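So the structure is just underneath, and the comments pick up after that.
A short reminder: the numbers here are calculations on the coordinates, not readings from a lab. The structure presented is a predicted model; accordingly, all values stated were derived computationally and were not measured. Every residue, glycine among them, receives a Cβ derived from its backbone with ideal geometry; neighbour counts consider all protein chains shown.
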Amino acid sequence: MSTPKILILGAGYGGLLTTLKLQKKLNYNEAEITLVNKHNYHYITTWLHEPAAGTASADHARVNLDQIIDMNKVNFVKGTVQSIQPEEQTVTLESGEVLSYDYLVIGLGSEPETFGIQGLKEHAFSIRSINAVRQIREHIEYMFAKYKNEPERTDYLTFVVGGAGFTGIEFCGELADRVPELCQEFDVDPDLVKIYCIEAAPTALPGFDPELVNYAMDVLSRKGIEFKIGTPIKECTENGVLLANGEEIKSKTVVWAAGVRGNSIVEKSGFEVMRGRVKVDEYLRAPGYENVFVVGDCALIFNAEGRPYPPTAQIAVQEGECLGDNLAALIRGEVMQPFVPALQGTLASLGKGEGIGMVGSKKLFGSTAALMKKASDLRYLWKIGGVGLAMKKVRL
Ligand code: FAD
């Protein structure tokens, strides 16, 4: 019998953890493991709001794959997936290369969900990759530099963050921390800088405990963030945003952080999706395909009340680990275990030394939440790269 081929698409949280589990569990001759990723590095998406605002370097959020993957056990292909042909059991890359598989793992992450709002795709930035956050950081600095040459253009100093969910709130916290530095560097009066956080839902951080929401809004308001809650954005243009209440905010920097959908490659490849996500079974399999597994933001799973779990790194990691175990079991003719998420809590940063969180039934505020977030980062780095990586990357 020939060696089974496992093909993993995407080295994000889900794909990486599947790969790491497989490389640990399987012997060299048990399977041919191939990992395809756009870049030769993994990035820590949950940190990307920091380099986007410029409070950390983009390099800090990336980990080279050859540092954490045993390239003797895993065949790494740096390439961009173009399409999946599940009937033929093949995947086509943009380079034209076609890879075949016996088992496929789809972990291609997400894309911004624009909810059909006109102009967002064309004119807004989104915090989604190392390259994207480098561009946001450079653009913000450029706006300060431009203002110094055209002082009547205060719109250069107006920043709009679309969405007061986790990503939007975390980015606002970092941007508010960065502004004083930029004002000093470019000799700009801080009172001229405006940061708006605009949310369509009736509350910031929808679904979060109201006391924590109030705390977060209070901290960020004191840092200078102006909230517009219950205020949908109707349109985004090259000159700013038009709100549903008729108000226009002139800005050259709109950062859209109001939701994601699964990678469109999955839908284009013919898989059944809801907002780009595949409703997987208890073993994370795509409907109709015993040998196609989906993890992370591309997968849709439901809680006991029938509500979908939001896409998070926490769930992607757990799915990847469970799937790694299950694929090893499948290859050895053993029984797979169903995936059951074990949520450990939710933590959001509000800038340096500040945060909120819910761990079990305990609410965390301020520096305690910020410290817990660092601890959770440390745990993840240790999991993927051991003590060495954790020590190198975590900033206390
Ligand atoms: P990703 O981690 O996005 O990885 C996808 C991988 O696929 C990437 O390596 C990408 O380069 C690669 N890829 C994409 N397309 C292709 C292609 N065509 N070909 C080849 N490779 C491709 N979650 C939390 O739990 N806690 C948090 O505090 C938190 N904070 C966040 C803060 C921010 C700013 C953001 C943006 C997200 C945050 N999230 C958080 C959500 C979390 O980051 C995602 O749910 C998680 O990254 C999903 O993991 P994934 O494996 O599905 O995809």
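Quick look at the values:
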item: Projected area, mean over directions - the chain, Cα convex hull, nm²; result: 20.1 nm²
item: Extension reserve of the residue 70-residue 57 stretch, reckoned as 0.36 nm per residue once the Cα distance is removed; result: 2.0 nm
item: Region 102-208, Rg to Rh (Cα coordinates; Rh as Kirkwood inverse mean 1/r); result: 1.04
item: Sum of side-chain charges, residue 113 neighbourhood, beta-carbon under 12 Å (Lys, Arg +1; Asp, Glu -1); result: +3
item: Residue-wise HN-Hα coupling along region 18-26, computed from phi with Karplus coefficients 6.51, -1.76, 1.60 (Hz; x: Gly, Pro); result: 4, 4, 4, 5, 5, 5, 7, 7, 9
item: Local electrostatic count, residue 363, Cβ distance below 13 Å [Lys/Arg +1, Asp/Glu -1]; result: -1
item: Distance histogram in 10 Å bins (all Cα pairs of region 47-161, percent per bin); result: 11, 26, 31, 20, 9, 3, 0
item: Inter-site label distance for residue 352 and residue 392 at 7 Å from Cα along Cβ, in nm; result: 2.5 nm
item: Taking 143, 372, 71 and counting other C-beta atoms within 10 Å, the order from fewest to most; result: 71, 372, 143
item: Debye-sum result for region 235-325 in log10 I(q)/I(0), which assumes one identical scatterer on each alpha carbon, at q = 0.26 Å⁻¹; result: -1.33
item: Exposure proxy order (Cβ contacts within 10 Å, fewest to most) of 387, 295, 193, 105; result: 387, 193, 105, 295
item: Entries of 25/268; 148/252; 21/383; 24/73; 148/194; 24/373 with Cα pairs more than 21 Å apart; result: 25/268; 24/373
item: For region 164-294, the fraction of alpha-carbon pairs in successive 5 Å shells from zero, as %; result: 2, 9, 15, 15, 14, 13, 11, 9, 7, 4, 2, 1, 0
item: Rh by Kirkwood over Cα pairs, then Stokes-Einstein D for region 284-396 at 0.890 mPa s and 25 °C, µm²/s; result: 152 µm²/s
